[in-house]
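Report on the following structure.
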Amino acid sequence: MMQNLRVSLLQWDLAWENPEQNLLMANKLLGKMIPTDVVVLPEMFTTGFTMNAKSVAEEMTGTAINWMQNQARIHNVVLTGSLIIKEKNSFFNRAVIAYPDGNLDYYDKRHLFSYAGEDRVFSPGNNLLTIKYKEWKIKILICYDLRFPVWSRNTDDTDVLIYVANWPKVRAYAWNQLLRSRAIENLCYVAAVNRIGTDSNEIPYQGDTQMIDFSGKVMASLEDKEGIINVTLDRSELTAFRKRFPFLNDRDKFSIEI
């Protein structure tokens with residue numbers, strides 16, 4: 001019998017371009033966590049949403065990556081969040097997935113936020129990533145990807161969509177509506193992690209880290225509070241809902257040109 005999946009979502013006020021302080025805060029929250037299977041951190045969780053990549057980027061053998069591997073092992077979880085990674089002469093907004101055994105996967109943000117100049121600093125990713133953990137298919141996406149439904153379209157029976165973000169308060173309505181839409185159209189759970197506070201560009205963030213079920217209902221939300229959401233995703237409920245409403249059978253088949 002396929003098991004349920006325990007997911008924990010962490011939200012805090014990211015310290016601007018201060019990896020050491022952000023890792024300390026993440027450690028603090030992880031210390032309060034109940035037993036879980038998957039832990040999700042925000043976008044650029046070591047720095048905040050900065051375009052100063054040259055000063056704060058690290059390589060895949062860097063301090064934050066080693067920290068992720070250690071925490072995944074200590075807590076026996078899959079741990080994910082995005083950070084700024086340098087490879088050769090390019091920078092990536094990369095969601096890294098650390099497994100309990102020390103292995104890594106990653107997804108590079110495809111849709112770079114040109115409105116803030118992200119496309120002038122970072123290179124886009126070219127591949128989607130769906131991982132399989134405890135028999136659950138999980139797809140990890142980053143912030144602005146949320147606005148492009150084709151990129152998350154459920155063509156491989158994804159069970160959980162994860163969005164890590166630094167989504168500003170001024171567009172909070174869009175954040176909440178788009179997350180529900182992605183859950184409804186893909187008949188899947190959506191786990192969304194945002195930040196709170198105000199960054200060094202004086203941009204405020206509302207938080208609204210939340211878990212949404214396959215019908216579009218919010219299961220839990222942190223609103224604008226620092227803390228953790230712990231939710232158990234029920235496999236039998238997901239299966240029963242998809243059986244009752246087999247809308248994915250009528251989905252269009254398409255390919256994406258990159």
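Summary table
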{"read-out": "Looking only at region 149-163, and only at residues there that are assigned to a loop (DSSP other than H, G, I, E, B) and within 15 Å of the chain's Cα centre (by Cα), the one that is farthest from Y189 (Cα to Cα)", "value": "T158"}
{"read-out": "Members of region 240-255 that are surrounded by 11 or more Cβ atoms within 10 Å (Cβ to Cβ) and in contact (Cβ under 8 Å) with a residue 60 or more places away in the chain", "value": "F247, L248, R251"}
{"read-out": "Search result, residues across region 2-61 that are out of contact with any Gly (no Cβ under 6 Å at 6 or more places or on another chain), assigned to a strand (DSSP E or B) and crowded, with 19+ Cβ neighbours inside 10 Å", "value": "L5, V7, S8, L9, L10, V38, V39, V40"}
{"read-out": "Residues satisfying the stated conditions in region 139-192, i.e. among the hydroxyl-bearing types (S, T, Y), crowded, with 18+ Cβ neighbours inside 10 Å and either in contact with a Gly (Cβ under 8 Å, 6 or more places away or on another chain) or under 19 Å from E257 (Cα atoms) (or both)", "value": "Y144, S152"}
{"read-out": "Sole residue being in a strand (DSSP E or B) and either polar (S, T, N, Q) or at pLDDT below 95 (or both), chosen from S123, S82", "value": "S82"}
{"read-out": "Test: residue in region 106-124 that is polar (S, T, N, Q) and within 23 Å of Y189 (Cα to Cα)", "value": "no"}
{"read-out": "Exclusive hit being in contact with a Phe, Trp or Tyr (Cβ under 9 Å, 6 or more places away or on another chain), more than 22 Å from F49 (Cα to Cα) and not acidic (D, E), set V164, V193, V150", "value": "V150"}
{"read-out": "Tally, over region 85-113, of residues that are in a strand (DSSP E or B) and within 20 Å of D37 (Cβ to Cβ)", "value": "8"}
{"read-out": "Evaluation of M219 against (1) exposed (fewer than 13 other Cβ atoms within 10 Å of the Cβ); (2) under 28 Å from V77 (Cβ atoms) (one fails), failing number", "value": "(1)"}
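Matching residues to (1) over 19 Å from V193 (Cβ atoms); (2) in contact with a helix residue (DSSP H, G or I) (Cβ under 9 Å, 6 or more places away or on another chain); (3) free of Cβ contacts under 8 Å to residues at least 12 places away in the same chain:
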site: N22; (1), (2), (3): no, yes, no
site: G31; (1), (2), (3): no, no, yes
site: I34; (1), (2), (3): no, no, no
site: M51; (1), (2), (3): yes, yes, no
site: E58; (1), (2), (3): yes, yes, no
site: W67; (1), (2), (3): no, yes, no
site: R73; (1), (2), (3): yes, no, no
site: V77; (1), (2), (3): no, yes, no
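The values are calculated or read from the model by the stated rules, or taken from the named source; none is laboratory data. Because the structure is predicted, anything quoted here is derived from the model rather than measured. When we count neighbours, we look across all protein chains shown, and the Cβ atoms used for this are built from the backbone with ideal geometry, even at glycine.
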